[in-house]
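One structure below.
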Amino acid sequence: MTILITGGTVVNASGPIPADVLVEGETIAGMAARGSSVAESWRAGAERVIDAAGAYVVPGGIDGHTHMEMPFGGTHSVDTFETGTRAAAFGGTTTIIDFAIQSKGRSLREGLDAWHAKADGRCAIDYGFHMIVSDVNESSLKEMDLVVDEGVTSFKLFMAYPGVFYSTDGEILQAMQQASNNGATIMMHAENGIAIDVLVAQALARGEGDPKFHGLTRPALFEGEATHRAIQLARVAGSPLYIVHLSAAEALNEVLGARDRGANVFAETCPQYLFLSDADLAREGFEGAKFVCSPPLRPEVTHADLWRGLRTDDLSVVSTDHCPFCFKEQKELGLGDFSKIPNGIPGVEHRMDLIFQGVDQGEISLARWVEVTSTTPARLFGLFPKKGVVAPGADADLVIYDPEATQTLSASTHHMNVDYSAYEGMTIKGRVTTVLSRGVVIIEQEAYVGRAGSGRFLERGLNGLLR
Ligand code: URP
Ligand code: ZN
Ligand code: ZN
């Protein structure tokens, strides 16, 4: 199918330009100045012309941090690869990178095969995997090299969740040494889980079981301390480091200092840390459970620090850490004991829209919006230039975005398979109107017209910011 997208403003990380985009089959065949004779000649040959007048044409969003069907806290996150990728598409995300899990006592191979089985034939958009390493030993270290060869080029380790995903500093150092040899990037959940568990036990012993104590027992200082430690370990090992879901100024300062010294340290934040706060965790009754995630939501003053980090590139990426648990029966597992509330917030559908508010409110430029939601994740996670850019030869993953539309976020209208919205009632500017995934229109006129299973597994390359 040949599609011409005409009349729009193409926005890449390099800035906006008025241009028409020709799509042939799965890829972008060309871009031409609006109204030029070249663009007019394309119109005659196009099987379909999409009018993007007044809209932005941007590369499809890449959400580098999702958890579909993730076993956690005695239950599972409720979006399947089918429902979660469809919801992502509604919000202008055309690629996700989910976390395959190596369980304790099992191999990386088993974990990766299990995630392939969950995703294969079900996704609405393209997808890749990172691998969570929760059992560092001689054989899993060797297996890291094998999965890198299969296009899984990043590994998440945890300084938090003792007894579940937690690794000691020695284990982390070994995984980083392995990565420094095979070129992979180490992703870190940087919170001091051992110290947190002491605070949690003390709080529960005092009868402090409400959701707000989840935040109070995971202080920002422990995130800053763990981030510092992760950076020093990575510097010694010589591996690239990517701090996931950074929430606190204390952690940001560590990243900023390391980057200033030239270390290969990168970080992402998530919309929940830019728009929600500890006041949400402290909502009446058990409502705060809807906002339990780790690291926890921080005081509202942190929002300005994080927006600044996004402007200065000390925060290079916005991912969602989409990990949806229903309020009924799942979050409710922690009634009276916050430590039993499954950790995670739904958000894969709203990332592009929420970060666009930063453009509307003057926090970041239009180009930076595209950079942090698409181009940098593509480069960092080895997907560029097939993904993350509107350019000839790239996959035709394209989003047509109306900057003047408004919408109100709500569980009654969202497409994620979860019974609440963390952003219930929030009215925002901007909206996705049309989405193409590798040249096929999958969202149009607010409807999904794609097909489960059309999304392909992406074998990723190494960190493109370093080569
Ligand atoms: O609360 C969170 N972040 N849940 C998902 C698991 C993780 O640590 O990313
Ligand atoms: Zn984490
Ligand atoms: Zn996560």
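The values are calculated or read from the model by the stated rules, or taken from the named source; none is laboratory data. Bear in mind that the values here come from a model prediction, so they are computed numbers and not experimental data. FYI the Cβ positions are ideal-geometry reconstructions off the backbone, even for glycines, and counts take in every protein chain you see. Please note that ligands, DNA and RNA were not included when accessible areas were found on the heavy atoms of the full protein model with its side chains. Shrake-Rupley method; radii C 1.70, N 1.55, O 1.52, S 1.80 Å.
Of the DSSP H helices in the chain, not one has a Cα length along its own long axis of 30 Å or more together with a mean Kyte-Doolittle hydropathy reaching 0.5. Translational D (Stokes-Einstein, µm²/s) of the chain at 4 °C and 1.567 mPa s when Rh comes from the Kirkwood sum over C-alpha pairs? My calculation gives 58 µm²/s for D. For the range 312-441, the share of alpha carbon pairs falling in successive 5 Å distance bins from zero is 2, 9, 15, 19, 18, 16, 10, 6, 3, 1, 0, 0 percent.
Distance between the modelled labels on V38 and T408, one decimal in nanometres: 4.6 nm (7 Å Cα→Cβ projection).
Within the accessible surface of the chain, defined with a 1.4 Å probe on protein heavy atoms only, the carbon and sulfur portion equals 50 percent. One decimal place: the segment V301-E47 gains 86.3 nm when fully extended, by the rule 0.36 nm per residue minus the C-alpha distance. Between the listed residues V359, P392, I428, the Cα displaced farthest toward the positive end of the dipole of the range 321-446, a dipole computed from Cβ unit charges relative to the Cα centre, is found at P392. Every helix of 4 or more DSSP H residues in the chain counts as -39500 (n - 2.57), and over all residues that averages to -9000 deg cm²/dmol at 222 nm.
Both the radius of gyration and Dmax for the range 193-338 are 16.0, 47 Å, in that order, over alpha-carbon atoms. Packing around the peptides 336-343, 148-155, taken as the average count of other Cβ atoms within 10 Å per residue, puts them in this order, highest first: 148-155, 336-343. Taking all protein chains into account, the per residue accessible area for the range 70-116 stands at 30 Å² (1.4 Å probe). Extent of the range 106-169 along its three principal axes (Cα atoms, max minus min coordinate, largest first): 38, 24, 18 Å.
Label positions at N253 and T2, each projected 7 Å from the Cα along the C-beta direction, are separated by 6.0 nm. Over the range 416-467, what is the mean sequence separation of C-alpha contacts under 8 Å (at least six apart), divided by residue count, expressed as relative contact order in percent? Relative contact order, the range 416-467: 17 percent. Taking every alpha-carbon pair under 8 Å whose residues sit at least 6 apart, the chain reaches a relative contact order of 22 percent.
Mind checking the per residue accessible area of the range 312-467 for me, 1.4 Å probe, whole number of Å²?
35
Each Lys and Arg Cβ is given +1 and each Asp and Glu Cβ -1; about its Cα centre, the range 109-162 then shows a dipole of about 240 debye. Its Cα centre serving as origin, the range 261-313 has a Cβ charge dipole (Lys and Arg +1, Asp and Glu -1) of approximately 220 debye. Label sites at A114 and Q177, each approximated as a point 7 angstrom past Cα along Cα to Cβ, lie 2.8 nm apart. Looking at the range 201-247, the accessible area is 39 square angstrom per residue; that uses a 1.4 Å probe and ignores ligands, DNA and RNA.
Can you give the translational diffusion coefficient of the range 314-362 in µm²/s, computed by Stokes-Einstein from the Kirkwood radius over Cα pairs at 37 °C and 0.692 mPa s?
256
Residue farthest toward the positive end of the dipole of the range 26-109, with Cβ of Lys/Arg at +1 and Asp/Glu at -1: which of A44, T27, A100? Most positive-ward Cα: A100.
When +1 charges are put on Lys and Arg Cβ atoms and -1 charges on Asp and Glu Cβ atoms, the dipole computed for the chain relative to its Cα centre reaches about 520 debye. In a DSSP loop and with at most 14 other Cβ atoms within 10 Å, the GluC sites (Glu not before Pro) in the range 35-84 are E47. Here is the list for the range 152-259: GluC sites (Glu not before Pro) lying in DSSP coil, each with at most 16 other C-beta atoms within 10 angstrom of its C-beta, are E208. The count of lysine pairs in the chain that are at least 8 places apart or cross chains, and whose C-alpha atoms lie under 23 Å apart, stands at 17.
Between the range 409-467 and the range 225-242, the C-alpha centres lie 33 angstrom from each other.
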